[in-house]
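The values are calculated or read from the model by the stated rules, or taken from the named source; none is laboratory data. Note that the structure is a prediction, hence the values are computed from the model and not measured. Glycine also receives a Cβ, built like all others from the backbone with ideal geometry; neighbour counts cover every protein chain displayed. All accessible areas refer to the heavy atoms of the entire protein, side chains included, with ligands and DNA or RNA removed. Shrake-Rupley method; radii C 1.70, N 1.55, O 1.52, S 1.80 Å.
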Amino acid sequence: MIVKSYNCVFMIEGNGEIQWTFSQVKGTLEDEVTDADIISCVEFNSDGELLATGDKGGRVVIFQRDQSVGDSVPNNRRTDYNVYSTFQSHEPEFDYLKSLEIEEKINKIRWLRRKNAANFLLSTNDKTIKLWKVSERDKRIDGYNLKDDSGQLLRDPNSVTALRVPILTPMDLTVEASPRRIFANAHTYHINSISVNSDQETYLSADDLRINLWNLEITDESFNIVDIKPVNMEELTEVITAAEFHPSHCNHFVYSSSKGIIRLCDMRAAALCDQHAKIFEEPEDPTNRSFFSEIISSISGIKFSNNGRYMISRDYLSVKVWDLNMDSRPIESYLVHEYLRSKLCSLYENDYIFDKFECCFNGTDSYIMTGSYNNFFKIFDRQTKRDVMLEASKEIAKPRTILKPRRVCTSGKKKKDEISVDSLDFNRKILHTAWHPNENIIAVAATNNLYLFQDRQ
């Protein structure tokens, strides 16, 4: 449901930095939030014309970019996204053998590259992955000999005395989503990642201890390519937190762990990739060692750059940029909310320290975006090393609203535009963000709302 939808405006500061402006917000802005409506993943397709979200209720909502041209700038596409298709991807299930409820929550959505008029995407909950075909229909077949328009058999074939040739007749445009493949029963633990290979024929799925390789055409078998489960589970020291294929080398993939380690594997080396080709790990700073060190070093999201040379990893307090040619330490490191380091004890007691924030590049790999608490999100400029913290809130959901940078005060007297670290709302958090592949349009999931912002030069 579209609650507010406005055209965005732009403004450039005196120092040449471009400000982000409000474009749209999807979902109700009421204070009461139904758990099923909380957005759990956001993903643009390869050309940015479609934007998909999944929620805790198992629904997938696809938005399509407005095809019309804006009034303010000639030949300039509008940035409005309107509901294109909504469907129930997963239903709640119950595993009777393990007496375990399986949530319908959508953990990940990944688009396949478009090959024809239809679009395809993969969606997954904790146990089952589905391949969906999303297609348009604006014609129907009329003039069946034996069936009615719905395909029901009406007449006895022996009663037909003359044959009619069915014809295509125009109809109102409808968008249909149909499950083409269902990949199930391959994961003992909860699926945390899916990633489509650059060959567009295979994809991987990862849970806490294993990574499986699938062919998109075959549902009844997959190949186990990583297995870190020890013989004795008491010896378990780390779990897999995320996995992703390289954007252009179909034989390379990476997976991250709860120990803050990223492993690069080459499927040409062995069928079971237990031996990594490279390991990316930052040496620990002894001065920052504490009880929480291992928890906050756990990587919650990894993403390759579009050119395939770099990757970013997000842990609890920072984003790191890694060069695939240098595994000894990250080449860049950005602090997201360092002001929370003094609050780790209370964050641990309230389980907020286990929140899993994602991260993403822009289309040219020059900016990085990730989320924080209080509906704050941060954008880092890799060239200037500057960053800006912005807020997705009801107050900015108005026409011509320019996002003002937000600052957090840790001690002393608070300035006018600052917010105290003790006033942060940890229930309002941005875990999922996405950046348009070709333009500066960003999608930010804030609980049950999807905010769209744009920066225009």
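Which three semi-axes in whole Å describe the equivalent ellipsoid of segment 237-384, each the square root of 5 times a Cα gyration tensor eigenvalue, listed largest first?
26, 19, 13
Can you list the lysines whose alpha carbon is less than 16 Å from that of residue 415, not counting same-chain residues fewer than 8 positions off?
Filter leaves 404.
Given axes a ≥ b ≥ c from the Cα gyration tensor, I'd like to know whether segment 353-406 is rounded (a/c under 1.5), prolate (a/b larger than b/c) or oblate.
oblate
Taking the Cα centre of segment 158-223 as origin, work out the dipole magnitude from +1 charges on Lys and Arg Cβ and -1 charges on Asp and Glu Cβ, in debye rounded to 20.
Approximately 300 debye in magnitude.
With an 8 Å Cα cut-off and a minimum separation of 6 or more residues, compute the relative contact order for segment 298-457 in percent. Walk me through the intermediate numbers first.
Details: 317 pairs, mean separation 27.1, N = 160.
Relative contact order of segment 298-457: 17 percent.
Can you classify segment 326-438 as rounded, prolate or oblate using the Cα gyration tensor, where a ≥ b ≥ c are the square roots of its eigenvalues, rounded means a/c under 1.5, and otherwise it's prolate if a/b beats b/c and oblate if not? Mind showing how you got there, number by number?
Values: a/c = 1.56, a/b = 1.14, b/c = 1.36.
Verdict is oblate for segment 326-438.
Decide, for segment 116-202, between rounded, prolate and oblate: order the square roots of the alpha carbon gyration tensor eigenvalues as a ≥ b ≥ c, take rounded if a/c falls under 1.5, and otherwise choose prolate if a/b is larger than b/c, else oblate.
Details: a/c = 3.68, a/b = 2.36, b/c = 1.56.
Taking the square roots of the gyration eigenvalues as a ≥ b ≥ c, segment 116-202 is prolate.
If the limit is 23 Å between Cα atoms, which of 303/356; 133/394; 56/259; 26/378; 127/229 go over it? Please list the in-between numbers first.
Numbers: 303/356 14 Å; 133/394 34 Å; 56/259 27 Å; 26/378 21 Å; 127/229 18 Å.
From the list (303/356; 133/394; 56/259; 26/378; 127/229), the Cα-Cα distance tops 23 Å for 133/394; 56/259.
Please compute the length gained on full extension between residue 249 and residue 178, using 0.36 nm multiplied by the number of residues separating them and subtracting their Cα-Cα distance.
On the way: separation 71, 0.36 × 71 = 25.56 nm, distance 3.04 nm.
The residue 249-residue 178 span can extend by a further 22.5 nm.
Pop a pseudo-label 7 angstrom from the Cα along the beta-carbon direction at both residue 275 and residue 289 and give the gap in nm to one decimal.
Distance between label points: 3.2 nm.
How many nm separate the modelled label positions at residue 394 and residue 185, each set 7 Å beyond the Cα in the direction of the Cβ?
Inter-label distance under the simple model: 4.8 nm.
So for segment 263-350, what are the equivalent ellipsoid semi-axes in whole Å, largest first, each being the square root of 5 times an eigenvalue of the Cα gyration tensor?
On the way: eigenvalues 157, 45, 29 Å².
In descending order, the three semi-axes are 28, 15, 12 Å.
If the only charges are +1 at each Lys and Arg Cβ and -1 at each Asp and Glu Cβ, what is the size of the charge dipole of the chain around the Cα centre, to the nearest 20 debye?
Here the size comes out at about 1240 debye.
Using Stokes-Einstein with the Kirkwood hydrodynamic radius over Cα pairs, what translational diffusion coefficient do you get for segment 104-150 at 20 °C and a viscosity of 1.002 mPa s, in µm²/s rounded to a whole number?
Answer from the Stokes-Einstein relation: 159 µm²/s.
Mean separation of Cα pairs under 8 Å and 6+ residues apart, divided by the residue count of segment 369-457: what relative contact order is that in percent?
Result for segment 369-457 is 25 percent.
Across bins of 5 angstrom width beginning at 0, how are the C-alpha pair distances of segment 382-457 distributed, in whole percent?
Reading upward from the zero bin: 3, 11, 19, 24, 21, 13, 6, 1, 0.
Not counting ligands, DNA or RNA, and with a 1.4 Å probe, what is residue 265's accessible surface area in Å² rounded to the nearest 10?
Residue 265 exposes around 0 Å² with every protein chain in place.
With N residues in segment 228-294, what two-decimal value do you get for its Cα radius of gyration over 2.2 N^0.38 Å?
Details: Rg = 14.2 Å, N = 67, 2.2 N^0.38 = 10.9 Å.
Normalised Rg, Cα atoms only: 1.31.
Please work out the FRET efficiency for the pair residue 332 and residue 118, using the Cβ-Cβ distance as r and a Förster radius of 35 Å; give the result to the nearest 0.05.
0.35
Based on the Cα coordinates of segment 105-250, what is the per residue volume of their convex hull in Å³?
Measuring per residue, one finds 166 Å³ for the Cα hull of segment 105-250.
In whole angstrom, and with the biggest value first, how far do the Cα coordinates of the chain range along each principal axis?
Computed over the Cα atoms, the extents are 91, 62, 42 Å.
Once you put a point 7 Å from the Cα of residue 47 and another 7 Å from the Cα of residue 200, both along the Cβ direction, what distance in nm separates them?
Computed distance between label sites residue 47 and residue 200 equals 1.2 nm.
May I ask you to list the residues of segment 176-191 whose amide nitrogen lies under 11 Å from a point 7 Å from Cα along the Cα→beta-carbon direction of residue 95?
The answer is 185-191.
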